[in-house]
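Notes follow once the structure below has been shown.
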Amino acid sequence: MTVKSRIRFSVSDYEEMHRSGFLPEHLRVELLDGEIRKMSPIGPRHAGFVTRLERLLHKLLEDQVTIMVQNPIRLSNNSMPQPDLMLLHFREDDYEKALPVPADVYLLIEVSESSGDYDREDKLPRYAEAGIPEVWIVDTVTRTIEQYRTPSGKEYLSEKTFSAGQQLICSTLPNLAFDANIVLRA
Amino acid sequence: MIQHNAIIAEKTTWRFSVDDYIKLHQTRIIPADKQVELLDGEIIEITQIGPMHAYINSRLSDLIHEQLGSSVRLYLRKPLRLSTYSMPNPDLMVLQRKNYSHAYPESADLLLLIEVRQPPGSYDREEKLPLYATAGITEVWLIDPEQQIVEQYTASVENHYSVTTTHLLNQSITSANLPELKIALTEIFDTTEES
């Protein structure tokens, strides 16, 4: 039986490719399940949502957490994605010595427009598998926030969708509570 | 739905160039013992070939060597620099006789390319033939050990071959590019009377 199977790379292979220069630094790529995936370009709406979220998180959480924007996480041996936002256990060194791993994460946020299926079908199962406790997918098209909690295998057992006017509370950081409209501006 | 996702995955997967691919080997990111080929920017693992497949490759190379002697160069399962994003290892390449020690053969060097079809059979034809046609490979033979037939593809037009001739077990095949190369199919498939 001939099966067409793509070769899968480890995180260290992937890092070596960056070091040796044939994945140029300006490229928006991430490693997911051993495959190098191109991320969609960031348009103004995506950028605006990320900026607004970042401002809100800083305001509500101050210095309790480390906030990372569009930086890599060492999710597993063969996945190193770059989520839009990550709320991490506070570290004095701002993770300068080693990239974050799943155990460091309180909350991971993806802002989704054209990449909707990619975030939900490809990335979300890997986040669940790695044990990321809570993920939000902020959909700029439907103007909703999906909250995923309780990872089990490749899925999240709890999934709730919030629209403008509804109060959203992060399960791992109760101080992070706000009306979804602050982000969505629907 | 599944198909839809497959299309999205296809579009977002990073494509490696042949130069990247060669560097991945040099830096051992792709281990030396890993059998792979580069098809349209994707690095595909090649599965181990069965004994029949291996034997047909060997037999074909003998037959070609007997008939064409040292006027050509034969490459068995060696890399072909097909295009910017493809570097397959075809089963057999009949190449113009020259020194390839400093650069892998390219499509212009090819006189005839032969692939042995793997069960269940869709991989070589559907994935590689369009790439061969696009690169301007002028003649391809597809050997089918299950059905004991040989399909001969000639006259490449854009991404396909406009002429396909099927040769049966009681027939013989003559190369379009190399008219002196004529092989009876029984010589390829009949493995009972080895001398």
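Each reported figure results from applying straightforward, stated rules to the coordinates on display, with no laboratory input. Model, not experiment: these values are computed from the prediction. Every residue, glycine among them, receives a Cβ derived from its backbone with ideal geometry; neighbour counts consider all protein chains shown.
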- [ ] Throw me the Rg/Rh for chain B, computed over C-alpha atoms with Kirkwood Rh, two decimals.
- [x] 0.97
TODO: Net charge near A:Pro151: determine it from the other residues with C-beta under 11 Å of the C-beta of A:Pro151, scoring Lys and Arg +1 and Asp and Glu -1.
DONE: 0
TODO: Only Cα pairs under 8 Å and at least 6 apart count here; give the relative contact order of chain B as a rounded whole percent.
DONE: 14 percent
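With n ≥ 4 as the cut-off for DSSP H runs, can you work out [θ] at 222 nm for chain A, using -39500 (n - 2.57) per run divided by the number of residues, rounded to the nearest 500? Could the numbers behind the result be given before it?
Working: 4 runs with 37 residues, N = 186.
Theoretical 222 nm ellipticity from helices: -5500 deg cm²/dmol.
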TODO: Net charge near A:Val141: determine it from the other residues with C-beta under 14 Å of the C-beta of A:Val141, scoring Lys and Arg +1 and Asp and Glu -1.
DONE: -2
- [ ] Enter the Cα centre distance for the pair segment A:65-115 and segment A:1-64, rounded to the nearest angstrom.
- [x] 10 Å
Task: In degrees, nearest ten, helix B:2-12 long axis to first principal axis of chain B (Cα) - done: 80 degrees
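Which value, in debye to the nearest 20, gives the size of the charge dipole of the protein assembly as shown about its Cα centre, when Lys and Arg are +1 and Asp and Glu are -1 at the Cβ? Let's see the in-between values first.
On the way: 38 positive and 56 negative charges, 137 e Å.
Dipole about the Cα centre, nearest 20: 660 debye.
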Open item on the list: Can you give the Rg/Rh ratio of chain A, where Rg is from the C-alpha atoms and Rh is the Kirkwood radius?
Closed with: 0.97
Open item on the list: Restricted to Cα positions, what overall size does the protein assembly as shown have along the principal axes? Three whole-Å values, descending.
Closed with: 82, 39, 36
Open item on the list: Using each residue's phi in segment A:92-102, evaluate 6.51 cos²θ - 1.76 cosθ + 1.60 at θ = phi - 60° and report the 3J(HN,Hα) Karplus result to the nearest Hz, with x for Gly and Pro.
Closed with: 4, 8, 6, 6, 5, 7, 7, 5, x, 10, x
- [ ] Find which of B:Val36, B:Val163, B:Leu178 sits farthest along the positive direction of the dipole of chain B, computed with +1 on the beta-carbon of Lys and Arg, -1 on that of Asp and Glu, about the Cα centre.
- [x] B:Val36
Task: About the Cα centre, charge dipole magnitude for segment A:26-116 (Lys/Arg +1, Asp/Glu -1 at Cβ), debye - done: 320 debye
Task: Counting DSSP beta bridges with both ends in segment A:1-135, the antiparallel % (nearest 5) - done: 95 percent
Task: Amide proton proximity set for A:Ser5, modelled H, under 5 Å, gap of 5+ - done: B:Glu45
Task: Assigned charges on the beta-carbon of Lys, Arg, Asp, Glu; segment B:56-195 dipole about Cα centre (debye) - done: 540 debye
TODO: Quick one: angle between helix B:51-68 and the longest Cα principal axis of chain B, in degrees between 0 and 90, rounded to 10, please.
DONE: 60 degrees
TODO: Provide the per-residue ³J(HN,Hα) series for segment B:144-149, in order, calculated from phi with Karplus coefficients 6.51, -1.76, 1.60 and θ = phi - 60°, each as a whole number of Hz, with x at glycine and proline positions.
DONE: 10, x, 5, 8, 6, 10
- [ ] Can you spot the lysines whose alpha carbon is less than 19 Å from B:Lys23's alpha carbon? Ignore those fewer than 8 places along the same chain.
- [x] B:Lys34, B:Lys78
